[in-house]
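Below is one structure, written out as structure tokens; the observations come after it.
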Amino acid sequence: MKSFRLSLAAAASVLTLLASAGTTGASAADLEVVASIKPVHSLVAGVMEGVGEPQLILQGAGSPHTYSMRPSQARMLAGADVVFWVGPSMEVFLAKPLETLAGEAKLVSLSESEGITLIDMREGGAFEAHSHGDEDDHEAHQAGHDHEVGHDHEEKHAHDDGHDHEEGEKDHAHEDHAHEGHDHHDHGPDAHIWLDPENAKSIVNAVAEALSEADAGNASTYAANAARLNERIEALEAEIATGLEPVKERPFIVFHDAYQYFEKHFGLSAAGSITVSPEVIPGAQRVDEIRTKVSELDAACVFAEPQFEPRLVEVVTEGTNARSGVLDPLGAEIADGPDLYFDLMRGMAASLRGCLAK
């Protein structure tokens, strides 16, 4: 009888341990993690390997500047335990839904994470006195502003000298609209933080910390994955730096000013952007300014983006020696998953090297 009681006690202990293990596994399996955009999703997926897979809100070639959420994505947010996003200056479409739908979810704004280096938005248009230092960035801002004032003054004289009044009013209205967009987007930090590999490593660390708090049972896995990811990012950084070294001094123009983290980290020579923000169509004045800049600098390339209309790039390069290329800061055409970030960065480097080296 005593032996039977001991057997029952042992069985009970085993069942308790199994139940405990089952509870831990269920906790990890039930953890609903949501990421806003593809580069963020990729880094989160890398940290979660072997534990689970995050869900992605903005899929395909959608732009975080203009996206509208679907009902299925609203349900995704409503069921989330942890949500990773850059912040309201990037995923504009998410700001209100996160307030109303995310409920008790832990919201991680990666732009506010420890170790993230933020760079202020530039003036847009031609990046005067382009350089890689903070003081020179301020000078570039001032120079760009002075240039626009002078340009406006010249346009006013041309208008007074006999341009059609009605047409002039339309042009000024369009430029005013563009200027409104300029004011809205140029103040504060640039949100494309993942394009700096050092920031990417800080994002990985922030993701691992947040997931470990939400799912302590898998904290060691998250930490190990984060360490491996950061080693991969360091190797990627060295690879890209070597590949871009021969073209660092070649000037180029981008569709919108999304790349300065990449430019500054790798010492590239961007000379301007066609538009300040992708949802604001540039006026004739800005397009003319950029075309002039392309000719003056003998810019090697003007880069479009897969999310936006390429016609503007054709207009800017018309009559110049510049070639056109494509840069994809979001990985719009790359398969989702933990390798997307690495493919995105390599793809951008390859596009720059391929176009600038010709």
Given the conditions (1) assigned to a loop (DSSP other than H, G, I, E, B); (2) more than 26 Å from Pro306 (Cα to Cα), and given that Leu107 satisfies all but one, which numbered condition is not satisfied? (1)
Condition test on Ala223, is it touching a strand residue (DSSP E or B) at 6+ places or on another chain (Cβ under 6 Å) and either assigned by TED's automatic domain parsing to the domain that holds Pro54 or modelled with pLDDT under 95 (or both)? no
Matching helices (runs of 4 or more DSSP H) fully within region 261-358 where at least 1 residues are out of contact with any strand residue (DSSP E or B) (no Cβ under 9 Å at 6 or more places or on another chain) and within 30 Å of Gly46 (Cβ to Cβ): 340-356
Unique match (being surrounded by 15 or more Cβ atoms within 10 Å (Cβ to Cβ) and modelled with pLDDT of 95 or more) among Leu297, Leu312, Leu244: Leu244
Just one of the numbered conditions (1) closer than 27 Å to Trp194 by Cα; (2) surrounded by fewer than 18 Cβ atoms within 10 Å (Cβ to Cβ); (3) modelled with pLDDT of 80 or more is not true of Lys264; which one? (2)
Counting only helices (runs of 4 or more DSSP H) wholly inside region 1-93, the ones holding at least 2 residues that are modelled with pLDDT under 95 and under 19 Å from the mean Cα position of the chain (by Cα) are none
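The values are calculated or read from the model by the stated rules, or taken from the named source; none is laboratory data. These figures come from a predicted structure and were not determined experimentally. Cβ atoms come from the backbone with ideal geometry, glycine included; neighbour counts cover every protein chain shown.
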